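Novice: Once you've had a glance at the structure underneath, I'll fire off some questions.
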Amino acid sequence: MENGEKAVETIVVGNYVEMESEGKASDMKSKLSNMFWHGGSVYDAWFSCASNQVAQVLLTLPYSFSQLGMLSGILFQLFYGLLGSWTAYLISILYVEYRTRKEREKVNFRNHVIQWFEVLDGLLGKHWRNVGLAFNCTFLLFGSVIQLIACASNIYYINDNLDKRTWTYIFGACCATTVFIPSFHNYRIWSFLGLVMTTYTAWYLTIASILHGQVQGVKHSGPSKLVLYFTGATNILYTFGGHAVTVEIMHAMWKPQKFKSIYLFATLYVLTLTLPSASAVYWAFGDLLLNHSNAFALLPKNLFRDFAVVLMLIHQFITFGFACTPLYFVWEKLIGMHECRSMCKRAAVRLPVVIPIWFLAIIFPFFGPINSTVGSLLVSFTVYIIPALAHVFTFRSSAARENAVEQPPRFLGRWTGAFTINAFIVVWVFVVGFGFGGWASMINFVHQIDTFGLFTKCYQCPPPVMASPPPISHPHVNHTRGL
């Protein structure tokens, strides 16, 4: 069995080793390029997963805690963190299974990035491919929209001379520059910096909230309504559903079969950021968060907060690239440009992908509520239900299980245990995440539309302070005249 696993490893990583040997650094410029630009190690994958998993949701989790209450907020983070790690593991298993089968057939992936819908197509057929493609692309599209909305929401707390819609126009143009990043292989320095930025922001939120103390008359009434409860829960479902780009991250690795537990370790680190920050902000501000989905809105303006805002802006640019790059790949494959060697030509043809993202961010600028809606309607299927079902159907026959590249862990009960966990995830996420979560998040989302309207110029902005009119001077009237 060990010899078989080594043979599989050789097959899976063959092209990567070959590519790396061809690209050995020959001068200082190449060495620097490899150090900052060309990443494919286990550490690069960990940084990518951890950095991509917690972005603007760091700022909306206190809002979710105000909807859920402290205890439920903590428990849902732990629960969905485990569920997300398991389904990311399933995706990695299916990727290795697909790639091994294809490379045994002498298929060359030298200039081709494997994506999730192709894994589904190769293992289960075109109907699975179509469903996976539809959910994945729609989720990543709205994931990019959310990052753009978050950019406008955050910068407003530094400079409110422009409204949030105008800031969306500006950051849409900035984020369009991600068309020049070829693939996840080239996110090495960005992933590292992104995690540093979210780490600073998380601990700023924690320390600033503790130092600020509780506001006068603070109330912690959550959970008060079922609608709010399930809305908050689906935002956490969304938080730990960032593995829609797992396949692309794996494909950028030199040894993708080593990915299996990376997402779990990334999740454990992310929990050290999300639990203290969300708990501290909710402790300090309580029910005030119900009307302030961005935690920055309640913290006092100072140098530390402004620095955190700037770091989050940069990080959201990085996360926009993470969410949008798979969409670039799909578009390139659709128009036949994916294997083009010219990065300038590929960048040019990628630009149309950014336009609908820009437009949707202007239509639905509801920072916070949109997370829950995307979580319940898209994330629930994209990264929880479909991977769990795909794993069951791929290995439903005894022959497939016997010849599987990767066997499920023994401590979980091998195939019986794996299939039991998968069945639980499908039922739970469909009923609680998609069912109750979809009902609650849509009610909340429609409420935002009714309250603020589509294309709203400045979502949740404080009303402008009206200058008091100058006193009206009346001319003196001689009331004795005519008497």
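The values are calculated or read from the model by the stated rules, or taken from the named source; none is laboratory data. Keep in mind it's a predicted model, so treat the numbers as computed, not measured. When we count neighbours, we look across all protein chains shown, and the Cβ atoms used for this are built from the backbone with ideal geometry, even at glycine. Heads up: the accessible areas ignore ligands, DNA and RNA and are worked out on the full protein's heavy atoms, side chains in. Shrake-Rupley method; radii C 1.70, N 1.55, O 1.52, S 1.80 Å.
Novice: Whole-Hz ³J(HN,Hα) for each residue in the stretch 395-408, computed from phi via Karplus 6.51 cos²θ - 1.76 cosθ + 1.60 with θ = phi - 60°, x for glycine and proline: what do you get?
Specialist: 10, 6, 8, 5, 5, 5, 5, 5, 9, 4, 5, 10, 8, x
Novice: Still on this structure, please answer the following. Where only protein heavy atoms count, and the probe is 1.4 Å, what is the accessible area per residue for the chain in Å²?
Specialist: Details: 21360 Å² over 483 residues.
It amounts to 44 Å² per residue over the chain.
Novice: With every protein chain kept in the model, how would you rank Leu360, Leu162, Leu120 by accessible area, 1.4 Å probe, largest at the top?
Specialist: On the way: Leu360 30, Leu162 65, Leu120 5 Å².
Result, largest first: Leu162, Leu360, Leu120.
Novice: To continue, here is another question. Estimate the FRET efficiency between Glu406 and Gln216 by the formula 1/(1 + (r/R0)^6), using the beta-carbon distance for r and 41 Å for R0, to the nearest 0.05. Provide the component values of the computation, followed by the final result.
Specialist: Numbers: r = 56 Å, r/R0 = 1.38.
That pair, Glu406 with Gln216, gives E of 0.15.
Novice: Express the carbon and sulfur contribution to the solvent-accessible surface of the chain as a percent, rounded to the nearest whole number, probe 1.4 angstrom. The partial results should precede the final answer.
Specialist: Working: 14340 of 21360 Å².
Answer for the chain is 67 percent, counting heavy atoms of protein chains only.
Novice: Using the crude model of +1 on Lys and Arg Cβ and -1 on Asp and Glu Cβ, and no other charge, please compute the dipole size for the chain relative to its Cα centre, in debye to 20.
Specialist: Taking the Cα centre of the chain as origin, the dipole is about 280 debye.
Novice: Another question about this same structure. At 222 nm, what value in deg cm²/dmol follows for the chain if DSSP H runs of at least 4 each add -39500 (n - 2.57) and the sum is divided by all its residues, to the nearest 500? Present the calculation step by step, with values, prior to reporting the outcome.
Specialist: Details: 19 runs with 314 residues, N = 483.
Helix-only estimate at 222 nm: -21500 deg cm²/dmol.
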